[in-house]
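Only the coordinates and a few stated rules stand behind these numbers; no lab work does. Since we're looking at a predicted model, the values are computed, not measured. Heads up, the Cβs are rebuilt from the backbone with ideal geometry, glycines too, and the neighbour counts pull from every protein chain shown.
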Amino acid sequence: MPRIYLFIILLLNSAPLYALESYLDMEGFVYTGPVPYSEFVGDWSSGFQKENNVIGYTWLEAGVHNQRWGLAIVQQQYVQMQLSDDAAEFYYLTQNRLPLDAGRVYQIDYRVDAYTTEGVRLFHRTNPLQNLSLQLGAHVMKGSELQSGYTKGNINASSSSDYDFDNLQVDYRYSEDRIFNNRVESIAGEGIALDLAAHWAISRNSQLSLQVRNLGGYIKWKDNPRSTGIIESSDKEFDANGYATVNPTLNGTTQTESYRQQLPLLWQSEFEHHYSSRGRLHAQMVGSEVQNFYRIGMSYRVFGKQSLKLLYTLNTQSFSFGYQNEWLNLQMQFDASKPDESHTLGLLLQANYAF
């Protein structure tokens with residue numbers, strides 16, 4: 001690692017030192033379709049709706065750059081979940097001890113992909129054309145947390161308060177066993193990912209930008225626990241009202257093995273048009289392989305280099321409010337007046353300091 005840092009320092013010194021800047025990029029976004037975020041991390045006690053995708057990520061990057069090269073430390077977390085309608089409804093009902101539909105077969109399909117990493121990112125800026133700028137980066141990382149796999153099958157409601165698993169299959173890898181509660185030794189992985197950012201000045205008043213992360217990205221995990229087989233429901237407990245709780249048991253195997261986890265692509269594109277000397281119109285698409293989010297809005301330069309920005313996300317009916325000046329960019333996003341009722345939450349903080 002010291003040789004890498006020495007190499008980076010030499011690259012940074014290849015451009016004038018007066019152009020050196022430090023920067024901070026902190027991004028966080030979460031969309032919890034079934035219930036508000038505060039309920040999703042809690043007990044799902046209210047606000048249930050049949051929107052079953054869950055996406056969340058945080059990206060924390062701090063580093064230095066000059067006109068051509070940059071080096072940063074990066075920490076990221078990512079989670080995506082996809083639940084069938086029946087899976088989300090069944091979980092909501094059993095978490096809150098609400099009556100099941102007696103005789104109904106709940107068709108379960110639950111998939112998850114999540115990871116946490118820390119690493120170093122190197123990037124290079126270039127201008128192949130007068131109106132086109134590119135930034136190419138490589139991110140070397142170490143993984144510390146993992147959840148990846150699926151649960152699929154049926155759950156039969158024998159009564160309004162009791163149920164049995166029916167050929168409920170599981171295949172998942174993990175750093176923490178959240179199904180069978182088995183003890184797991186700490187795991188580690190190593191990986192790499194590329195990233196690309198482009199900015200194209202289409203005309204004097206119109207611009208198009210694109211950012212893509214995790215190009216060809218992967219983490220190779222070593223000695224990673226994997227459980228496969230059928231989940232059985234013979235171990236049950238009943239509360240005072242006779243409502244069942246199943247302690248899942250595995251009819252299958254648990255073993256450790258190497259695993260190459262493909263990282264999901266994350267992208268953002270924006271079209272920007274200057275309709276006046278102070279005002280701009282914006283159209284954005286932000287998303288991943290699971291779901292895209294479409295935003296429209298405007299920004300207005302109130303005085304000097306300070307501007308305000310308002311965006312509306314069409315498919316989640318959420319608003320984003322922002323403030324920007326020459327060294328700070330701050331945006332917050334939500335879809336309810338009370339944060340604890342919001343299914344969509346977002347924060348963007350970017351800062352630069354020249355020295």
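In this label model, Asp43 and Arg68 are separated by 6.1 nm, measuring between points 7 Å along each Cα→Cβ vector. Compute the helix-to-body angle for 2-12: its Cα long axis versus the longest principal axis of the chain, expressed 0 to 90° and rounded to tens. Long axis of 2-12 versus the principal axis of the chain: about 40 degrees.
Placing unit charges on the Cβ atoms only, positive for Lys and Arg and negative for Asp and Glu, gives the chain a dipole magnitude near 1860 debye about its Cα centre.
Under 20 Å Cα-Cα from Lys50, which lysines qualify once same-chain neighbours fewer than 8 residues away are excluded? Qualifying lysines at Cα under 20 Å: Lys152.
Quick check: the angle from helix 85-95's long axis to the longest principal axis of the chain, C-alpha only, nearest 10 degrees? The helix 85-95 is inclined about 70 degrees to the chain.
Ignoring lysines fewer than eight residues from Lys220 along the same chain, the ones with Cα atoms less than 16 angstrom from its Cα are Lys142. Residue-wise HN-Hα couplings along segment 181-196, as the Karplus relation 6.51 cos²θ - 1.76 cosθ + 1.60 with θ = phi - 60° gives them from phi, are 6, 6, 6, 10, 6, 4, 10, 8, x, 10, x, 8, 8, 9, 9, 9 Hz; Gly and Pro carry x. Globularity index of the chain is 1.16 (Cα radius of gyration / 2.2 N^0.38 Å, N = number of residues).
Shape summary of segment 147-222, radius of gyration then Dmax from alpha carbon positions: 22.5, 67 Å. Note on segment 222-355: Cα-only Rg and Dmax are 23.9, 70 Å. Taking a point 7 Å out from the Cα of Asn325 in the direction of its Cβ, the residues of segment 264-308 whose backbone N falls within less than 17 Å of it are 300-308. For Arg301, neighbours were defined as the other residues whose beta-carbon sits under 12 Å from its Cβ, and their charges (Lys and Arg +1, Asp and Glu -1) total +3.
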